[in-house]
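Note sheet for the following structure.
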(Lines give C-alpha, C1' and ligand atoms only; values in the text may rest on other atoms or scores of the structure.)
Protein backbone atom coordinates (compact mmCIF):
# COMPACT_ATOMS: atom_id res chain seq x y z
CA UNK A 1 0.00 0.00 0.00
CA UNK A 2 1.40 3.37 -1.04
CA UNK A 3 0.34 6.84 0.09
CA UNK A 4 1.38 9.59 -2.33
CA UNK A 5 1.57 12.57 0.03
CA UNK A 6 4.35 15.07 0.73
CA UNK A 7 4.95 18.71 1.63
CA UNK A 8 4.84 19.51 -2.09
CA UNK A 9 2.76 17.78 -4.81
CA UNK A 10 3.97 14.29 -5.72
CA UNK A 11 4.74 14.06 -9.45
CA UNK A 12 5.79 10.40 -9.68
CA UNK A 13 3.36 7.48 -9.78
CA UNK A 14 4.27 3.96 -8.55
CA UNK A 15 4.80 2.58 -12.08
CA UNK A 16 3.22 -0.75 -11.17
CA UNK A 17 -0.31 -2.04 -10.37
CA UNK A 18 -0.33 -1.58 -6.61
CA UNK A 19 -3.04 0.11 -4.54
CA UNK A 20 -2.38 3.71 -3.52
CA UNK A 21 -4.01 6.93 -2.47
CA UNK A 22 -2.93 10.25 -3.97
CA UNK A 23 -3.39 13.67 -2.42
CA UNK A 24 -5.28 16.46 -4.19
CA UNK A 25 -2.96 18.51 -6.42
CA UNK A 26 -0.53 15.64 -6.96
CA UNK A 27 -0.02 13.51 -10.05
CA UNK A 28 2.46 13.10 -12.90
CA UNK A 29 2.07 16.66 -14.13
CA UNK A 30 2.99 18.42 -17.38
CA UNK A 31 2.24 21.97 -18.49
CA UNK A 32 1.08 22.53 -22.05
CA UNK A 33 0.06 25.96 -23.38
CA UNK A 34 -0.73 27.23 -19.89
CA UNK A 35 -2.77 24.18 -18.84
CA UNK A 36 -1.62 21.29 -16.64
CA UNK A 37 -2.53 17.67 -17.24
CA UNK A 38 -2.05 15.43 -14.21
CA UNK A 39 -2.06 11.66 -14.46
CA UNK A 40 -3.51 10.14 -11.29
CA UNK A 41 -3.47 6.64 -12.79
CA UNK A 42 -1.51 5.51 -15.83
CA UNK A 43 -1.39 2.36 -17.90
CA UNK A 44 1.41 1.02 -15.68
CA UNK A 45 -0.75 1.35 -12.57
CA UNK A 46 -3.87 -0.21 -14.13
CA UNK A 47 -2.40 -3.03 -16.24
CA UNK A 48 -3.39 -1.01 -19.28
CA UNK A 49 -7.07 -0.80 -18.36
CA UNK A 50 -7.29 2.98 -18.13
CA UNK A 51 -5.62 6.25 -17.35
CA UNK A 52 -7.20 8.82 -15.01
CA UNK A 53 -6.34 12.48 -15.51
CA UNK A 54 -7.23 15.92 -14.29
CA UNK A 55 -6.69 19.08 -16.30
CA UNK A 56 -6.37 22.55 -14.73
CA UNK A 57 -6.01 25.87 -16.44
CA UNK A 58 -7.05 29.51 -16.84
CA UNK A 59 -9.64 30.90 -19.21
CA UNK A 60 -8.51 30.06 -22.74
CA UNK A 61 -8.67 32.39 -25.72
CA UNK A 62 -9.65 29.59 -28.08
CA UNK A 63 -10.47 25.86 -28.01
CA UNK A 64 -7.92 23.17 -28.64
CA UNK A 65 -7.93 21.86 -32.24
CA UNK A 66 -10.77 19.57 -33.26
CA UNK A 67 -9.51 15.99 -33.49
CA UNK A 68 -10.51 12.38 -33.01
CA UNK A 69 -8.95 9.19 -31.60
CA UNK A 70 -8.98 5.80 -33.27
CA UNK A 71 -9.15 3.81 -30.03
CA UNK A 72 -9.69 5.93 -26.92
CA UNK A 73 -12.87 6.65 -24.99
CA UNK A 74 -12.65 10.04 -23.22
CA UNK A 75 -14.73 11.24 -20.27
CA UNK A 76 -15.11 14.79 -18.96
CA UNK A 77 -16.47 15.47 -15.44
CA UNK A 78 -16.21 19.15 -14.51
CA UNK A 79 -14.94 19.91 -11.01
CA UNK A 80 -14.40 23.67 -11.17
CA UNK A 81 -15.13 26.66 -13.40
CA UNK A 82 -16.61 26.04 -16.84
CA UNK A 83 -15.56 23.89 -19.81
CA UNK A 84 -16.87 24.14 -23.36
CA UNK A 85 -16.95 20.67 -24.95
CA UNK A 86 -17.51 19.83 -28.61
CA UNK A 87 -18.66 16.39 -29.85
CA UNK A 88 -19.17 16.07 -33.61
CA UNK A 89 -21.85 18.63 -34.50
CA UNK A 90 -22.89 19.52 -30.95
CA UNK A 91 -21.36 21.48 -28.08
CA UNK A 92 -22.16 22.50 -24.51
CA UNK A 93 -20.68 24.70 -21.82
CA UNK A 94 -20.33 22.38 -18.82
CA UNK A 95 -20.23 23.57 -15.21
CA UNK A 96 -19.34 21.65 -12.01
CA UNK A 97 -21.11 18.31 -11.89
CA UNK A 98 -21.83 18.25 -15.64
CA UNK A 99 -20.46 15.40 -17.73
CA UNK A 100 -19.58 14.57 -21.31
CA UNK A 101 -18.61 11.33 -23.06
CA UNK A 102 -16.52 11.09 -26.25
CA UNK A 103 -16.33 7.62 -27.89
CA UNK A 104 -13.59 6.65 -30.37
CA UNK A 105 -13.93 8.30 -33.77
CA UNK A 106 -15.84 11.31 -32.39
CA UNK A 107 -14.57 14.70 -33.54
CA UNK A 108 -14.08 16.71 -30.36
CA UNK A 109 -12.37 19.59 -28.60
CA UNK A 110 -12.61 21.52 -25.35
CA UNK A 111 -12.00 25.06 -24.14
CA UNK A 112 -11.56 26.18 -20.54
CA UNK A 113 -14.14 28.94 -20.11
CA UNK A 114 -13.72 29.90 -16.44
CA UNK A 115 -10.86 31.81 -14.85
CA UNK A 116 -9.82 28.60 -13.06
CA UNK A 117 -11.34 25.42 -14.48
CA UNK A 118 -10.74 21.74 -13.81
CA UNK A 119 -12.09 18.52 -15.24
CA UNK A 120 -11.32 14.89 -14.45
CA UNK A 121 -11.98 11.60 -16.16
CA UNK A 122 -10.63 8.26 -17.27
CA UNK A 123 -9.23 7.55 -20.71
CA UNK A 124 -9.80 3.96 -21.88
CA UNK A 125 -7.64 2.06 -22.66
CA UNK A 126 -4.75 3.39 -20.60
CA UNK A 127 -1.71 5.14 -21.98
CA UNK A 128 -3.00 8.31 -23.61
CA UNK A 129 -1.90 10.30 -20.53
CA UNK A 130 1.62 10.08 -22.02
CA UNK A 131 0.48 12.62 -24.65
CA UNK A 132 1.25 15.29 -22.06
CA UNK A 133 4.65 13.75 -21.32
CA UNK A 134 5.51 14.07 -25.01
CA UNK A 135 4.07 17.50 -25.77
CA UNK A 136 4.33 19.28 -22.40
CA UNK A 137 6.94 20.18 -19.83
CA UNK A 138 7.18 18.69 -16.30
CA UNK A 139 5.34 20.82 -13.74
CA UNK A 140 6.10 20.50 -10.05
CA UNK A 141 3.45 22.56 -8.24
CA UNK A 142 -0.33 22.59 -7.86
CA UNK A 143 -2.73 24.61 -10.07
CA UNK A 144 -1.19 25.94 -13.32
CA UNK A 145 1.61 28.28 -14.45
CA UNK A 146 1.25 32.04 -14.60
CA UNK A 147 2.43 34.27 -17.41
CA UNK A 148 2.74 33.84 -21.19
CA UNK A 149 1.88 30.44 -22.63
CA UNK A 150 4.52 30.31 -25.35
CA UNK A 151 4.05 29.01 -28.91
CA UNK A 152 2.41 25.64 -29.60
CA UNK A 153 4.90 22.77 -29.95
CA UNK A 154 3.85 21.92 -33.52
CA UNK A 155 6.63 19.37 -34.08
CA UNK A 156 5.62 17.46 -30.96
CA UNK A 157 1.95 17.62 -31.96
CA UNK A 158 2.86 16.01 -35.26
CA UNK A 159 4.69 13.19 -33.48
CA UNK A 160 1.80 12.74 -31.09
CA UNK A 161 -0.65 12.41 -33.99
CA UNK A 162 1.26 9.33 -35.13
CA UNK A 163 2.20 7.83 -31.76
CA UNK A 164 -1.26 8.18 -30.23
CA UNK A 165 -3.35 7.34 -33.33
CA UNK A 166 -5.21 10.63 -33.40
CA UNK A 167 -6.11 12.93 -36.26
CA UNK A 168 -6.43 16.72 -36.25
CA UNK A 169 -9.15 18.27 -38.43
CA UNK A 170 -8.22 21.92 -39.06
CA UNK A 171 -10.91 22.04 -41.77
CA UNK A 172 -13.75 21.21 -39.36
CA UNK A 173 -16.12 23.80 -37.88
CA UNK A 174 -16.88 24.37 -34.19
CA UNK A 175 -20.61 23.97 -33.51
CA UNK A 176 -22.28 26.67 -31.38
CA UNK A 177 -23.36 25.57 -27.88
CA UNK A 178 -26.95 24.44 -27.33
CA UNK A 179 -27.78 26.17 -24.05
CA UNK A 180 -31.35 24.89 -23.73
CA UNK A 181 -30.76 21.17 -24.24
CA UNK A 182 -32.16 19.03 -21.38
CA UNK A 183 -29.23 16.58 -21.33
CA UNK A 184 -31.01 14.38 -18.81
CA UNK A 185 -31.03 10.94 -20.48
CA UNK A 186 -28.29 8.41 -21.22
CA UNK A 187 -28.36 6.92 -24.75
CA UNK A 188 -29.24 3.27 -25.18
CA UNK A 189 -26.01 2.51 -27.02
CA UNK A 190 -22.58 3.95 -27.68
CA UNK A 191 -22.70 7.56 -28.87
CA UNK A 192 -21.38 10.90 -27.61
CA UNK A 193 -23.61 12.66 -25.10
CA UNK A 194 -23.76 15.34 -22.42
CA UNK A 195 -25.35 14.99 -18.98
CA UNK A 196 -26.32 17.80 -16.63
CA UNK A 197 -25.39 17.66 -12.95
CA UNK A 198 -27.72 15.41 -10.95
CA UNK A 199 -29.21 13.72 -14.00
CA UNK A 200 -28.87 10.03 -14.81
CA UNK A 201 -30.44 6.83 -13.44
CA UNK A 202 -30.37 6.80 -9.64
CA UNK A 203 -30.52 3.91 -7.17
CA UNK A 204 -30.54 3.86 -3.38
CA UNK A 205 -28.83 1.07 -1.43
CA UNK A 206 -29.15 1.34 2.35
CA UNK A 207 -28.47 5.06 2.36
CA UNK A 208 -26.10 5.25 -0.58
CA UNK A 209 -27.36 7.11 -3.62
CA UNK A 210 -25.70 6.06 -6.87
CA UNK A 211 -26.14 8.25 -9.96
CA UNK A 212 -24.99 6.69 -13.23
CA UNK A 213 -23.01 9.01 -15.50
CA UNK A 214 -22.03 6.41 -18.08
CA UNK A 215 -22.06 2.63 -18.00
CA UNK A 216 -21.25 -0.52 -19.89
CA UNK A 217 -24.24 -0.05 -22.21
CA UNK A 218 -22.95 3.34 -23.40
CA UNK A 219 -19.26 2.43 -23.70
CA UNK A 220 -19.35 -0.98 -25.36
CA UNK A 221 -18.52 -2.55 -21.99
CA UNK A 222 -15.27 -0.62 -21.56
CA UNK A 223 -15.98 1.74 -18.67
CA UNK A 224 -18.34 2.89 -15.92
CA UNK A 225 -18.55 6.22 -14.08
CA UNK A 226 -20.92 7.02 -11.22
CA UNK A 227 -21.26 9.37 -8.31
CA UNK A 228 -22.09 7.86 -4.92
CA UNK A 229 -23.43 10.01 -2.07
CA UNK A 230 -23.69 8.76 1.49
CA UNK A 231 -24.12 9.81 5.11
CA UNK A 232 -21.59 9.00 7.81
CA UNK A 233 -21.18 5.29 8.42
CA UNK A 234 -22.64 4.06 5.14
CA UNK A 235 -20.66 2.38 2.39
CA UNK A 236 -19.72 -1.00 0.98
CA UNK A 237 -18.10 -3.88 2.90
CA UNK A 238 -14.84 -5.53 1.87
CA UNK A 239 -14.94 -6.89 -1.67
CA UNK A 240 -12.64 -7.75 -4.56
CA UNK A 241 -12.75 -7.30 -8.34
CA UNK A 242 -10.97 -10.07 -10.22
CA UNK A 243 -10.70 -8.21 -13.55
CA UNK A 244 -11.75 -4.59 -12.96
CA UNK A 245 -9.51 -1.64 -12.13
CA UNK A 246 -11.32 0.98 -10.05
CA UNK A 247 -10.41 4.55 -9.15
CA UNK A 248 -12.24 6.81 -6.70
CA UNK A 249 -12.08 10.58 -6.18
CA UNK A 250 -13.70 12.38 -3.26
CA UNK A 251 -15.83 15.29 -4.49
CA UNK A 252 -17.19 16.40 -1.12
CA UNK A 253 -16.84 15.34 2.51
CA UNK A 254 -14.53 12.60 3.82
CA UNK A 255 -14.21 8.96 2.81
CA UNK A 256 -12.66 6.20 4.89
CA UNK A 257 -11.21 3.63 2.52
CA UNK A 258 -9.46 0.37 3.36
CA UNK A 259 -7.04 -1.06 0.80
CA UNK A 260 -5.45 -4.44 1.53
CA UNK A 261 -6.19 -3.96 5.23
CA UNK A 262 -4.83 -0.40 5.56
CA UNK A 263 -7.30 2.39 6.32
CA UNK A 264 -7.00 5.94 4.97
CA UNK A 265 -9.25 8.98 5.13
CA UNK A 266 -9.57 10.90 1.88
CA UNK A 267 -10.90 14.44 1.57
CA UNK A 268 -11.95 16.60 -1.37
CA UNK A 269 -9.77 16.03 -4.43
CA UNK A 270 -7.95 13.01 -2.99
CA UNK A 271 -8.11 9.82 -5.05
CA UNK A 272 -7.48 6.09 -4.73
CA UNK A 273 -6.25 3.61 -7.34
CA UNK A 274 -7.51 0.06 -6.80
CA UNK A 275 -6.04 -2.61 -9.11
CA UNK A 276 -7.86 -5.83 -9.79
CA UNK A 277 -7.39 -8.40 -7.03
CA UNK A 278 -7.11 -5.84 -4.21
CA UNK A 279 -9.53 -6.21 -1.30
CA UNK A 280 -11.13 -2.87 -0.47
CA UNK A 281 -14.02 -1.27 1.39
CA UNK A 282 -15.24 2.27 1.93
CA UNK A 283 -17.40 4.19 4.41
CA UNK A 284 -18.56 7.78 4.57
CA UNK A 285 -16.51 9.54 7.26
CA UNK A 286 -18.32 12.87 6.99
CA UNK A 287 -21.98 13.65 7.50
CA UNK A 288 -22.23 14.11 3.73
CA UNK A 289 -19.75 12.51 1.34
CA UNK A 290 -19.83 12.39 -2.44
CA UNK A 291 -17.46 10.19 -4.44
CA UNK A 292 -16.76 9.89 -8.15
CA UNK A 293 -16.15 6.27 -9.22
CA UNK A 294 -14.34 5.24 -12.41
CA UNK A 295 -13.83 1.62 -13.43
CA UNK A 296 -12.74 -0.43 -16.42
CA UNK A 297 -14.12 -2.64 -17.84
CA UNK A 298 -17.68 -1.45 -17.28
CA UNK A 299 -20.40 -3.18 -15.32
CA UNK A 300 -19.84 -2.28 -11.67
CA UNK A 301 -22.77 0.15 -11.84
CA UNK A 302 -25.06 -2.90 -11.77
CA UNK A 303 -24.12 -3.84 -8.19
CA UNK A 304 -25.95 -0.99 -6.44
CA UNK A 305 -28.59 -0.85 -9.19
CA UNK A 306 -29.46 -4.53 -8.65
CA UNK A 307 -29.12 -4.73 -4.86
CA UNK A 308 -30.77 -1.35 -4.31
CA UNK A 309 -33.93 0.34 -5.49
CA UNK A 310 -34.53 2.85 -8.28
CA UNK A 311 -35.35 6.34 -7.01
CA UNK A 312 -36.29 9.73 -8.42
CA UNK A 313 -34.75 11.48 -5.41
CA UNK A 314 -31.49 13.42 -5.61
CA UNK A 315 -30.34 12.69 -2.05
CA UNK A 316 -30.18 9.64 0.20
CA UNK A 317 -32.98 9.00 2.68
CA UNK A 318 -33.09 10.60 6.13
CA UNK A 319 -33.46 7.21 7.85
CA UNK A 320 -31.74 4.60 5.65
CA UNK A 321 -32.31 0.95 6.33
CA UNK A 322 -29.64 -1.62 7.08
CA UNK A 323 -27.51 -3.09 4.30
CA UNK A 324 -28.80 -6.53 3.28
CA UNK A 325 -25.60 -8.54 2.75
CA UNK A 326 -27.47 -11.46 1.23
CA UNK A 327 -29.03 -9.18 -1.39
CA UNK A 328 -25.63 -7.61 -2.03
CA UNK A 329 -23.99 -11.01 -2.55
CA UNK A 330 -26.83 -12.10 -4.84
CA UNK A 331 -26.39 -8.95 -6.94
CA UNK A 332 -22.64 -9.52 -7.06
CA UNK A 333 -22.95 -13.10 -8.27
CA UNK A 334 -23.09 -12.18 -11.97
CA UNK A 335 -20.65 -9.28 -11.73
CA UNK A 336 -16.92 -8.90 -11.19
CA UNK A 337 -17.50 -8.50 -7.46
CA UNK A 338 -16.74 -10.95 -4.66
CA UNK A 339 -18.03 -9.75 -1.29
CA UNK A 340 -15.65 -10.93 1.42
Conditions first: (1) crowded, with 20+ Cβ neighbours inside 10 Å; (2) outside the structural domain of residue 317 (by TED's automatic domain parsing). Residue 213 passes all but one, so which condition is the exception? (2)
Search result, residues across the range 312-328 that are in contact with a helix residue (DSSP H, G or I) (Cβ under 9 Å, 6 or more places away or on another chain) and assigned to a helix (DSSP H, G or I): 327, 328
Taking the range 28-80 only, how many residues are free of Cβ contacts under 8 Å to residues at least 24 places away in the same chain, more than 14 Å from the chain's Cα centre (by Cα) and part of a strand (DSSP E or B)? 0
Residues located in the range 207-226, provided they are part of a loop (DSSP other than H, G, I, E, B) and modelled with pLDDT of 95 or more: 215, 216, 217, 218, 219, 220, 221, 222, 223
Just a yes or no: is a residue in the range 297-311 assigned to a strand (DSSP E or B), in the same structural domain as residue 248 (by TED's automatic domain parsing) and surrounded by fewer than 22 Cβ atoms within 10 Å (Cβ to Cβ)? yes
When you check residue 229 against the structure, is it on the phi < 0 side of the Ramachandran plot, touching a strand residue (DSSP E or B) at 6+ places or on another chain (Cβ under 9 Å), part of a strand (DSSP E or B) and without any contact (Cβ under 8 Å) to a residue 12 or more places away in the chain, yes or no? no
Out of 145, 151, 182, 176, sole residue that is assigned by TED's automatic domain parsing to the domain that holds residue 73, over 21 Å from residue 54 (Cα atoms) and part of a loop (DSSP other than H, G, I, E, B): 151
Among the candidates 49, 39, single out the residue that is buried (at least 23 other Cβ atoms within 10 Å of the Cβ) and closer than 24 Å to residue 268 by Cα. 39
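The values are calculated or read from the model by the stated rules, or taken from the named source; none is laboratory data. These numbers were taken from a predicted model, which means no experiment stands behind them. Using ideal geometry, Cβ is built from the backbone for each residue, glycine included, and neighbour counts are taken over all protein chains shown.
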